[in-house]
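The next block holds one structure in the form of C-alpha coordinates; read it before the comments.
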(Lines give C-alpha, C1' and ligand atoms only; values in the text may rest on other atoms or scores of the structure.)
Protein backbone atom coordinates (compact mmCIF):
# COMPACT_ATOMS: atom_id res chain seq x y z
CA UNK A 1 0.00 0.00 0.00
CA UNK A 2 2.81 2.42 0.94
CA UNK A 3 4.54 1.67 -2.37
CA UNK A 4 1.34 2.47 -4.27
CA UNK A 5 0.86 5.74 -2.39
CA UNK A 6 4.47 6.65 -3.08
CA UNK A 7 4.00 6.09 -6.79
CA UNK A 8 0.81 8.15 -6.82
CA UNK A 9 2.65 10.99 -5.05
CA UNK A 10 5.58 10.90 -7.47
CA UNK A 11 3.33 10.82 -10.49
CA UNK A 12 1.38 13.77 -9.10
CA UNK A 13 4.54 15.83 -9.43
CA UNK A 14 4.30 15.41 -13.17
CA UNK A 15 0.53 15.75 -13.39
CA UNK A 16 0.74 19.09 -11.55
CA UNK A 17 3.39 20.34 -13.98
CA UNK A 18 1.44 19.09 -17.00
CA UNK A 19 -0.19 22.44 -17.60
CA UNK A 20 -0.83 24.34 -20.78
CA UNK A 21 2.48 25.14 -22.47
CA UNK A 22 4.19 28.08 -20.83
CA UNK A 23 5.51 31.02 -22.84
CA UNK A 24 9.28 30.64 -22.75
CA UNK A 25 9.94 32.97 -25.66
CA UNK A 26 11.60 32.21 -28.96
CA UNK A 27 13.62 29.06 -28.22
CA UNK A 28 14.59 26.38 -30.72
CA UNK A 29 12.16 23.48 -30.93
CA UNK A 30 13.68 20.01 -30.51
CA UNK A 31 12.14 16.88 -32.05
CA UNK A 32 10.45 14.62 -29.53
CA UNK A 33 12.41 11.54 -30.68
CA UNK A 34 15.66 13.33 -29.87
CA UNK A 35 14.38 14.29 -26.45
CA UNK A 36 13.36 10.69 -25.81
CA UNK A 37 16.94 9.68 -26.56
CA UNK A 38 18.20 12.24 -24.04
CA UNK A 39 15.73 10.89 -21.49
CA UNK A 40 17.10 7.37 -21.94
CA UNK A 41 20.68 8.57 -21.36
CA UNK A 42 19.59 10.40 -18.22
CA UNK A 43 17.92 7.27 -16.89
CA UNK A 44 20.99 5.15 -17.55
CA UNK A 45 23.29 7.69 -15.91
CA UNK A 46 21.23 7.88 -12.73
CA UNK A 47 20.52 4.14 -12.65
CA UNK A 48 23.96 2.78 -13.47
CA UNK A 49 26.36 5.34 -12.02
CA UNK A 50 24.76 7.53 -9.32
CA UNK A 51 25.76 5.71 -6.12
CA UNK A 52 22.97 7.13 -3.94
CA UNK A 53 20.13 7.24 -6.44
CA UNK A 54 17.93 4.82 -4.51
CA UNK A 55 18.93 5.83 -0.98
CA UNK A 56 15.63 7.69 -0.45
CA UNK A 57 13.52 6.93 -3.53
CA UNK A 58 12.94 3.24 -4.38
CA UNK A 59 13.84 2.10 -7.89
CA UNK A 60 10.26 1.14 -8.77
CA UNK A 61 9.13 4.70 -7.99
CA UNK A 62 11.93 6.17 -10.10
CA UNK A 63 11.07 3.83 -12.96
CA UNK A 64 7.40 4.82 -12.76
CA UNK A 65 8.32 8.51 -12.83
CA UNK A 66 10.52 8.01 -15.91
CA UNK A 67 7.71 6.16 -17.67
CA UNK A 68 5.36 9.05 -16.94
CA UNK A 69 7.94 11.53 -18.23
CA UNK A 70 8.29 9.49 -21.40
CA UNK A 71 4.55 9.80 -21.97
CA UNK A 72 4.72 13.55 -21.42
CA UNK A 73 7.29 13.98 -24.19
CA UNK A 74 4.55 13.51 -26.77
CA UNK A 75 5.47 16.41 -29.05
CA UNK A 76 8.39 18.53 -30.16
CA UNK A 77 9.28 21.08 -27.48
CA UNK A 78 11.92 23.60 -26.47
CA UNK A 79 14.65 22.99 -23.92
CA UNK A 80 12.86 24.72 -21.03
CA UNK A 81 9.72 22.62 -21.55
CA UNK A 82 11.94 19.53 -21.53
CA UNK A 83 13.81 20.82 -18.49
CA UNK A 84 10.54 21.14 -16.59
CA UNK A 85 9.85 17.44 -17.23
CA UNK A 86 13.27 16.01 -16.40
CA UNK A 87 14.34 18.28 -13.52
CA UNK A 88 11.92 16.55 -11.08
CA UNK A 89 13.44 13.21 -12.17
CA UNK A 90 16.87 14.46 -11.13
CA UNK A 91 15.26 15.69 -7.90
CA UNK A 92 14.23 12.11 -7.08
CA UNK A 93 17.88 11.47 -6.19
CA UNK A 94 17.27 13.64 -3.12
CA UNK A 95 20.94 14.57 -3.31
CA UNK A 96 21.91 18.21 -3.71
CA UNK A 97 25.14 17.35 -5.56
CA UNK A 98 23.03 16.05 -8.46
CA UNK A 99 22.90 19.41 -10.21
CA UNK A 100 21.15 20.06 -13.52
CA UNK A 101 22.54 22.72 -15.85
CA UNK A 102 20.82 24.48 -18.74
CA UNK A 103 22.88 25.19 -21.87
CA UNK A 104 24.86 28.44 -21.61
CA UNK A 105 23.21 29.90 -24.68
CA UNK A 106 19.76 29.24 -23.22
CA UNK A 107 20.74 30.93 -19.96
CA UNK A 108 21.90 33.94 -21.99
CA UNK A 109 18.61 34.09 -23.89
CA UNK A 110 16.73 33.93 -20.60
CA UNK A 111 18.93 36.70 -19.23
CA UNK A 112 18.23 38.90 -22.24
CA UNK A 113 14.60 38.12 -23.04
CA UNK A 114 12.73 36.63 -20.07
CA UNK A 115 9.99 38.67 -18.39
CA UNK A 116 10.74 38.48 -14.69
CA UNK A 117 9.47 39.38 -11.25
CA UNK A 118 10.99 42.85 -10.72
CA UNK A 119 11.97 42.76 -7.05
CA UNK A 120 14.30 40.68 -4.91
CA UNK A 121 12.66 38.44 -2.29
CA UNK A 122 14.18 36.46 0.56
CA UNK A 123 12.85 33.67 2.74
CA UNK A 124 13.41 34.03 6.46
CA UNK A 125 12.39 30.61 7.66
CA UNK A 126 9.23 29.98 5.65
CA UNK A 127 8.13 33.62 5.45
CA UNK A 128 8.78 35.52 2.21
CA UNK A 129 9.79 39.18 2.23
CA UNK A 130 10.77 41.77 -0.34
CA UNK A 131 14.23 43.20 0.34
CA UNK A 132 14.95 45.27 -2.79
CA UNK A 133 12.68 46.89 -5.38
CA UNK A 134 13.85 46.59 -8.99
CA UNK A 135 10.53 47.63 -10.53
CA UNK A 136 10.00 50.76 -12.62
CA UNK A 137 7.76 52.15 -9.88
CA UNK A 138 9.72 53.13 -6.77
CA UNK A 139 6.90 52.28 -4.37
CA UNK A 140 8.27 51.50 -0.91
CA UNK A 141 8.03 47.71 -0.62
CA UNK A 142 11.31 46.87 1.12
CA UNK A 143 10.74 44.80 4.25
CA UNK A 144 7.15 43.90 3.36
CA UNK A 145 5.92 40.35 3.94
CA UNK A 146 4.51 38.63 0.86
CA UNK A 147 1.25 36.68 1.19
CA UNK A 148 0.89 35.55 -2.43
CA UNK A 149 2.15 36.14 -5.98
CA UNK A 150 -0.37 35.70 -8.79
CA UNK A 151 -2.67 34.00 -6.31
CA UNK A 152 -0.10 31.43 -5.15
CA UNK A 153 1.20 31.35 -1.58
CA UNK A 154 4.96 31.22 -0.84
CA UNK A 155 4.68 27.64 0.45
CA UNK A 156 2.93 26.53 -2.75
CA UNK A 157 5.53 28.34 -4.85
CA UNK A 158 8.34 26.51 -3.07
CA UNK A 159 6.63 23.17 -3.63
CA UNK A 160 6.28 23.84 -7.35
CA UNK A 161 9.54 25.65 -8.11
CA UNK A 162 11.50 23.46 -5.70
CA UNK A 163 10.64 20.39 -7.79
CA UNK A 164 13.10 21.68 -10.41
CA UNK A 165 16.22 20.98 -8.35
CA UNK A 166 17.46 18.35 -5.94
CA UNK A 167 18.19 18.73 -2.24
CA UNK A 168 19.40 16.28 0.40
CA UNK A 169 16.88 13.82 1.79
CA UNK A 170 13.66 15.29 3.13
CA UNK A 171 15.09 18.60 4.32
CA UNK A 172 12.38 21.13 3.48
CA UNK A 173 13.98 24.32 4.74
CA UNK A 174 16.78 24.16 2.17
CA UNK A 175 14.31 24.65 -0.68
CA UNK A 176 13.26 27.95 0.89
CA UNK A 177 16.87 29.02 1.31
CA UNK A 178 17.82 28.08 -2.27
CA UNK A 179 14.89 30.08 -3.64
CA UNK A 180 15.91 33.31 -1.94
CA UNK A 181 17.34 36.24 -3.87
CA UNK A 182 17.37 36.27 -7.66
CA UNK A 183 17.10 32.47 -7.73
CA UNK A 184 13.43 32.99 -6.86
CA UNK A 185 12.91 35.14 -9.98
CA UNK A 186 14.75 32.68 -12.25
CA UNK A 187 12.90 29.63 -11.03
CA UNK A 188 9.56 31.43 -11.21
CA UNK A 189 10.29 31.86 -14.91
CA UNK A 190 11.54 28.27 -15.33
CA UNK A 191 8.31 26.93 -13.84
CA UNK A 192 5.65 29.40 -15.04
CA UNK A 193 7.23 30.98 -18.13
CA UNK A 194 6.90 34.64 -19.12
CA UNK A 195 4.44 36.71 -17.10
CA UNK A 196 3.14 40.08 -18.27
CA UNK A 197 2.50 41.19 -14.72
CA UNK A 198 2.68 40.03 -11.13
CA UNK A 199 -0.21 40.60 -8.75
CA UNK A 200 1.39 40.62 -5.32
CA UNK A 201 -0.52 40.54 -2.05
CA UNK A 202 1.57 41.96 0.77
CA UNK A 203 0.54 41.74 4.40
CA UNK A 204 -0.76 45.31 4.30
CA UNK A 205 -1.47 46.01 0.61
CA UNK A 206 -1.96 44.65 -2.91
CA UNK A 207 0.23 45.87 -5.77
CA UNK A 208 0.47 44.86 -9.44
CA UNK A 209 3.93 44.99 -11.03
CA UNK A 210 4.74 44.90 -14.71
CA UNK A 211 7.36 42.28 -15.50
CA UNK A 212 10.82 43.45 -16.55
CA UNK A 213 13.85 42.03 -18.26
CA UNK A 214 16.94 41.22 -16.24
CA UNK A 215 18.98 44.21 -17.46
CA UNK A 216 16.20 46.66 -16.57
CA UNK A 217 15.87 45.18 -13.08
CA UNK A 218 19.62 45.48 -12.53
CA UNK A 219 19.60 49.10 -13.73
CA UNK A 220 16.81 49.95 -11.29
CA UNK A 221 18.55 48.18 -8.42
CA UNK A 222 21.85 49.94 -9.06
CA UNK A 223 20.18 53.34 -9.23
CA UNK A 224 18.29 52.80 -5.96
CA UNK A 225 20.92 50.94 -3.97
CA UNK A 226 24.41 52.29 -4.70
CA UNK A 227 27.07 49.67 -4.10
CA UNK A 228 29.24 50.15 -1.05
CA UNK A 229 32.96 49.55 -1.22
CA UNK A 230 33.59 46.20 0.39
CA UNK A 231 36.69 44.56 1.75
CA UNK A 232 37.91 41.35 0.06
CA UNK A 233 36.05 38.35 1.47
CA UNK A 234 38.07 36.10 3.77
CA UNK A 235 36.59 32.64 4.07
CA UNK A 236 38.53 31.98 7.30
CA UNK A 237 37.95 34.27 10.28
CA UNK A 238 39.25 34.30 13.84
CA UNK A 239 38.51 36.82 16.55
CA UNK A 240 38.34 37.13 20.30
CA UNK A 241 34.85 38.34 21.21
CA UNK A 242 35.79 38.78 24.87
CA UNK A 243 38.11 37.17 27.42
CA UNK A 244 35.95 34.04 27.56
CA UNK A 245 34.61 33.63 24.01
CA UNK A 246 36.39 33.12 20.69
CA UNK A 247 34.89 32.97 17.20
CA UNK A 248 36.10 30.90 14.24
CA UNK A 249 34.33 31.42 10.92
CA UNK A 250 34.80 28.60 8.40
CA UNK A 251 32.92 29.84 5.36
CA UNK A 252 34.45 27.46 2.81
CA UNK A 253 36.37 24.18 2.83
CA UNK A 254 37.74 24.47 -0.71
CA UNK A 255 41.54 24.68 -0.72
CA UNK A 256 41.40 26.66 -3.96
CA UNK A 257 39.13 29.28 -2.39
CA UNK A 258 41.19 29.37 0.81
CA UNK A 259 44.35 30.04 -1.24
CA UNK A 260 42.72 33.24 -2.52
CA UNK A 261 42.52 34.70 1.00
CA UNK A 262 44.82 37.67 1.55
CA UNK A 263 45.41 36.91 5.23
CA UNK A 264 44.76 33.21 5.93
CA UNK A 265 45.54 31.19 2.83
CA UNK A 266 46.27 27.83 4.47
CA UNK A 267 43.66 26.07 6.60
CA UNK A 268 46.05 24.09 8.82
CA UNK A 269 48.22 27.12 9.59
CA UNK A 270 45.08 29.14 10.35
CA UNK A 271 43.80 26.46 12.71
CA UNK A 272 47.19 25.99 14.42
CA UNK A 273 47.51 29.72 15.06
CA UNK A 274 43.88 30.16 16.14
CA UNK A 275 43.81 27.26 18.56
CA UNK A 276 47.23 28.15 19.95
CA UNK A 277 45.85 31.57 20.88
CA UNK A 278 42.67 30.00 22.27
CA UNK A 279 44.82 27.76 24.48
CA UNK A 280 47.18 30.53 25.56
CA UNK A 281 44.29 32.75 26.62
CA UNK A 282 42.43 29.87 28.27
CA UNK A 283 39.24 30.50 26.36
CA UNK A 284 36.25 28.63 27.79
CA UNK A 285 33.72 29.05 24.95
CA UNK A 286 34.26 28.66 21.23
CA UNK A 287 31.81 29.62 18.47
CA UNK A 288 32.41 27.75 15.20
CA UNK A 289 30.44 29.23 12.31
CA UNK A 290 29.77 26.93 9.34
CA UNK A 291 26.50 28.63 8.41
CA UNK A 292 27.82 29.58 4.95
CA UNK A 293 30.02 26.52 4.40
CA UNK A 294 28.89 24.49 1.37
CA UNK A 295 31.88 22.14 1.57
CA UNK A 296 34.95 21.85 -0.61
CA UNK A 297 38.10 19.74 -0.37
CA UNK A 298 37.44 16.36 1.22
CA UNK A 299 39.18 15.95 4.58
CA UNK A 300 39.15 19.60 5.66
CA UNK A 301 36.11 18.94 7.85
CA UNK A 302 38.14 16.16 9.53
CA UNK A 303 41.05 18.53 10.08
CA UNK A 304 38.87 21.06 11.87
CA UNK A 305 37.20 18.37 13.96
CA UNK A 306 40.59 17.08 15.12
CA UNK A 307 41.07 20.30 17.15
CA UNK A 308 37.83 19.86 19.10
CA UNK A 309 36.72 16.20 19.11
CA UNK A 310 37.83 12.69 20.02
CA UNK A 311 38.73 10.34 17.19
CA UNK A 312 36.28 7.67 16.05
CA UNK A 313 35.23 5.85 12.87
CA UNK A 314 33.60 8.62 10.86
CA UNK A 315 32.08 6.58 8.01
CA UNK A 316 30.29 3.26 8.03
CA UNK A 317 31.45 3.02 4.44
CA UNK A 318 32.40 5.07 1.40
CA UNK A 319 31.29 3.35 -1.77
CA UNK A 320 31.11 3.85 -5.51
CA UNK A 321 28.40 2.00 -7.43
CA UNK A 322 30.68 1.64 -10.43
CA UNK A 323 34.15 2.76 -11.47
CA UNK A 324 32.77 3.57 -14.90
CA UNK A 325 29.63 3.18 -16.95
CA UNK A 326 28.89 3.24 -20.69
CA UNK A 327 25.62 5.02 -21.43
CA UNK A 328 24.12 4.00 -24.74
CA UNK A 329 20.64 4.77 -26.08
CA UNK A 330 21.30 2.59 -29.13
CA UNK A 331 21.47 5.50 -31.60
CA UNK A 332 23.81 8.25 -30.42
CA UNK A 333 27.53 7.86 -29.73
CA UNK A 334 27.85 6.12 -26.33
CA UNK A 335 28.97 8.28 -23.39
CA UNK A 336 31.44 7.02 -20.78
CA UNK A 337 31.38 8.37 -17.23
CA UNK A 338 34.00 7.32 -14.70
CA UNK A 339 34.98 7.77 -11.08
CA UNK A 340 38.50 7.45 -9.73
CA UNK A 341 41.60 6.47 -11.69
CA UNK A 342 43.84 3.41 -11.57
CA UNK A 343 45.77 4.22 -8.38
CA UNK A 344 42.72 4.96 -6.26
CA UNK A 345 40.78 2.04 -7.72
CA UNK A 346 43.55 -0.47 -6.93
CA UNK A 347 45.18 0.85 -3.76
CA UNK A 348 42.50 2.89 -1.97
CA UNK A 349 39.36 0.90 -2.76
CA UNK A 350 38.29 -2.72 -2.70
CA UNK A 351 36.11 -4.20 -5.42
CA UNK A 352 33.02 -5.91 -4.01
CA UNK A 353 31.17 -8.94 -5.35
CA UNK A 354 28.41 -6.75 -6.85
CA UNK A 355 30.93 -4.72 -8.87
CA UNK A 356 30.88 -1.71 -6.55
CA UNK A 357 33.94 -0.34 -4.75
CA UNK A 358 34.41 0.42 -1.06
CA UNK A 359 37.13 2.54 0.48
CA UNK A 360 39.67 0.69 2.60
CA UNK A 361 39.82 1.67 6.24
CA UNK A 362 43.37 2.96 6.69
CA UNK A 363 44.41 4.15 3.22
CA UNK A 364 44.46 7.78 2.11
CA UNK A 365 41.81 9.86 3.88
CA UNK A 366 40.27 6.57 5.00
CA UNK A 367 37.13 6.34 7.11
CA UNK A 368 38.44 7.57 10.48
CA UNK A 369 37.61 11.05 11.73
CA UNK A 370 41.30 11.97 11.57
CA UNK A 371 44.71 10.33 11.46
CA UNK A 372 46.83 12.86 13.38
CA UNK A 373 46.03 14.75 16.57
CA UNK A 374 47.09 18.42 16.61
CA UNK A 375 49.33 19.95 19.27
CA UNK A 376 46.41 21.67 20.96
CA UNK A 377 42.84 20.49 21.29
CA UNK A 378 40.01 22.63 22.64
CA UNK A 379 37.98 20.90 25.38
CA UNK A 380 35.72 23.77 26.47
CA UNK A 381 32.17 24.61 25.42
CA UNK A 382 31.63 24.53 21.65
CA UNK A 383 28.76 26.27 19.85
CA UNK A 384 28.21 25.60 16.14
CA UNK A 385 26.20 27.93 13.91
CA UNK A 386 24.40 26.07 11.12
CA UNK A 387 22.08 27.03 8.27
CA UNK A 388 20.35 25.46 5.24
CA UNK A 389 23.40 26.32 3.11
CA UNK A 390 25.62 24.22 5.42
CA UNK A 391 26.30 21.44 2.90
CA UNK A 392 28.65 18.62 2.03
CA UNK A 393 31.89 18.94 4.04
CA UNK A 394 30.33 21.75 6.07
CA UNK A 395 27.44 19.53 7.06
CA UNK A 396 29.76 16.55 7.68
CA UNK A 397 31.62 18.64 10.24
CA UNK A 398 28.28 19.44 11.89
CA UNK A 399 27.34 15.73 11.74
CA UNK A 400 30.56 14.76 13.51
CA UNK A 401 30.03 17.33 16.25
CA UNK A 402 26.41 16.23 16.66
CA UNK A 403 26.97 12.48 16.86
CA UNK A 404 29.74 12.90 19.46
CA UNK A 405 27.59 15.34 21.48
CA UNK A 406 30.42 17.83 21.21
CA UNK A 407 28.50 21.04 20.53
CA UNK A 408 25.39 23.10 21.07
CA UNK A 409 23.84 23.96 17.69
CA UNK A 410 22.28 27.33 16.92
CA UNK A 411 20.60 28.54 13.73
CA UNK A 412 18.61 26.43 11.27
CA UNK A 413 18.69 22.81 10.07
CA UNK A 414 21.66 22.00 7.86
CA UNK A 415 21.07 21.51 4.15
CA UNK A 416 23.37 18.48 4.11
CA UNK A 417 22.05 15.13 5.31
CA UNK A 418 22.98 13.92 8.80
CA UNK A 419 23.26 10.28 7.72
CA UNK A 420 25.47 11.05 4.75
CA UNK A 421 25.54 12.29 1.19
CA UNK A 422 26.53 11.27 -2.32
CA UNK A 423 29.21 13.55 -3.70
CA UNK A 424 32.94 13.33 -4.40
CA UNK A 425 33.71 12.70 -8.05
CA UNK A 426 30.82 14.06 -10.11
CA UNK A 427 31.27 13.63 -13.85
CA UNK A 428 28.93 15.79 -15.89
CA UNK A 429 26.58 13.91 -18.20
CA UNK A 430 25.85 15.89 -21.39
CA UNK A 431 22.46 15.21 -22.96
CA UNK A 432 23.40 15.72 -26.61
CA UNK A 433 20.15 16.97 -28.13
CA UNK A 434 18.80 19.29 -25.44
CA UNK A 435 22.24 20.48 -24.35
CA UNK A 436 21.26 20.02 -20.69
CA UNK A 437 23.99 18.61 -18.44
CA UNK A 438 23.58 16.68 -15.19
CA UNK A 439 26.18 16.06 -12.48
CA UNK A 440 26.35 12.41 -11.41
CA UNK A 441 27.93 12.15 -7.93
CA UNK A 442 29.83 8.89 -7.63
CA UNK A 443 30.78 8.43 -3.97
CA UNK A 444 28.22 7.55 -1.34
CA UNK A 445 29.43 8.68 2.09
CA UNK A 446 27.48 6.78 4.75
CA UNK A 447 28.20 8.38 8.11
CA UNK A 448 28.66 6.48 11.36
CA UNK A 449 26.27 8.49 13.51
CA UNK A 450 23.91 8.06 16.43
CA UNK A 451 20.25 7.67 15.53
CA UNK A 452 19.43 11.20 16.67
CA UNK A 453 17.32 12.65 13.86
CA UNK A 454 14.65 11.30 11.47
CA UNK A 455 15.88 9.66 8.28
CA UNK A 456 16.64 12.13 5.52
CA UNK A 457 17.09 15.13 7.83
CA UNK A 458 20.07 17.30 8.59
CA UNK A 459 21.45 18.39 11.94
CA UNK A 460 18.54 20.07 13.72
CA UNK A 461 19.64 22.96 15.95
CA UNK A 462 19.21 22.87 19.70
CA UNK A 463 18.09 26.49 19.38
CA UNK A 464 16.45 27.60 16.13
CA UNK A 465 17.30 31.23 15.45
CA UNK A 466 15.79 33.04 12.46
CA UNK A 467 16.34 36.77 12.01
CA UNK A 468 13.41 39.14 11.79
CA UNK A 469 13.16 41.14 8.59
CA UNK A 470 14.49 44.19 10.48
CA UNK A 471 17.50 42.23 11.76
CA UNK A 472 18.14 40.84 8.27
CA UNK A 473 17.96 44.27 6.63
CA UNK A 474 20.32 45.69 9.26
CA UNK A 475 22.81 42.85 8.79
CA UNK A 476 22.67 41.80 12.44
CA UNK A 477 24.58 38.67 13.49
CA UNK A 478 21.65 37.20 15.40
CA UNK A 479 23.13 33.73 15.97
CA UNK A 480 26.29 35.09 17.62
CA UNK A 481 24.25 37.44 19.78
CA UNK A 482 22.00 34.55 20.80
CA UNK A 483 25.00 32.42 21.79
CA UNK A 484 26.54 35.24 23.83
CA UNK A 485 23.24 35.65 25.70
CA UNK A 486 23.10 31.87 26.21
CA UNK A 487 26.62 31.82 27.64
CA UNK A 488 25.80 34.70 29.97
CA UNK A 489 22.63 32.97 31.19
CA UNK A 490 24.60 29.75 31.80
CA UNK A 491 27.30 31.59 33.77
CA UNK A 492 24.68 33.32 35.90
CA UNK A 493 22.99 30.11 36.99
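The values are calculated or read from the model by the stated rules, or taken from the named source; none is laboratory data. Note that this is a predicted model, so its numbers are computed, not measured. All Cβ positions, glycine included, derive from the backbone under ideal geometry; neighbour counts span all protein chains shown.
Pick out the one residue from 329, 293, 302, 311 that is in the same structural domain as residue 252 (by TED's automatic domain parsing), crowded, with 21+ Cβ neighbours inside 10 Å and assigned to a loop (DSSP other than H, G, I, E, B).
Testing whether each residue is in the same structural domain as residue 252 (by TED's automatic domain parsing), crowded, with 21+ Cβ neighbours inside 10 Å and assigned to a loop (DSSP other than H, G, I, E, B) leaves just 293.
Check off (1) farther than 30 Å from residue 444 by Cβ; (2) surrounded by fewer than 22 Cβ atoms within 10 Å (Cβ to Cβ); (3) in contact with a helix residue (DSSP H, G or I) (Cβ under 7 Å, 6 or more places away or on another chain) for residue 152 and give me the number that stays unchecked.
Here residue 152 clears every test but (3).
Considering 117, 128, which residue is buried (at least 21 other Cβ atoms within 10 Å of the Cβ) and closer than 25 Å to residue 414 by Cβ?
Numbers: 117 fails: closer than 25 Å to residue 414 by Cβ.
Among 117, 128, only 128 is buried (at least 21 other Cβ atoms within 10 Å of the Cβ) and closer than 25 Å to residue 414 by Cβ.
Can you confirm whether the range 203-220 contains a residue that is out of contact with any helix residue (DSSP H, G or I) (no Cβ under 9 Å at 6 or more places or on another chain), under 30 Å from residue 464 (Cα atoms) and surrounded by 14 or more Cβ atoms within 10 Å (Cβ to Cβ)?
Looking through the range 203-220, none of the residues is out of contact with any helix residue (DSSP H, G or I) (no Cβ under 9 Å at 6 or more places or on another chain), under 30 Å from residue 464 (Cα atoms) and surrounded by 14 or more Cβ atoms within 10 Å (Cβ to Cβ).
Residue 162 versus (1) out of contact with any helix residue (DSSP H, G or I) (no Cβ under 7 Å at 6 or more places or on another chain); (2) in a helix (DSSP H, G or I); (3) surrounded by fewer than 22 Cβ atoms within 10 Å (Cβ to Cβ): which is the lone unmet condition?
For residue 162, the failing item is (1).
Residues in the range 115-143 that are within 15 Å of residue 473 (Cβ to Cβ) and part of a strand (DSSP E or B): how many?
The total comes to 13.
With the condition kept exactly as written, say whether any residue in the range 378-388 is in a loop (DSSP other than H, G, I, E, B) and either under 27 Å from the mean Cα position of the chain (by Cα) or outside the structural domain of residue 272 (by TED's automatic domain parsing) (or both).
Yes, the conditions are met somewhere in the range 378-388.
Residue check: is residue 460 in contact with a strand residue (DSSP E or B) (Cβ under 8 Å, 6 or more places away or on another chain), assigned to a loop (DSSP other than H, G, I, E, B) and either in the same structural domain as residue 383 (by TED's automatic domain parsing) or more than 30 Å from residue 102 (Cβ to Cβ) (or both)?
yes
Answer yes or no as to whether residue 337 is modelled with pLDDT of 95 or more and closer than 26 Å to residue 177 by Cβ.
no
Does the range 91-100 include one or more residues that are assigned to a loop (DSSP other than H, G, I, E, B), at positive phi and modelled with pLDDT of 95 or more?
yes
Could you figure out which of (1) without any contact (Cβ under 8 Å) to a residue 60 or more places away in the chain; (2) crowded, with 20+ Cβ neighbours inside 10 Å; (3) part of a helix (DSSP H, G or I) isn't true of residue 146?
Going through the list (1) without any contact (Cβ under 8 Å) to a residue 60 or more places away in the chain; (2) crowded, with 20+ Cβ neighbours inside 10 Å; (3) part of a helix (DSSP H, G or I), residue 146 breaks only (3).
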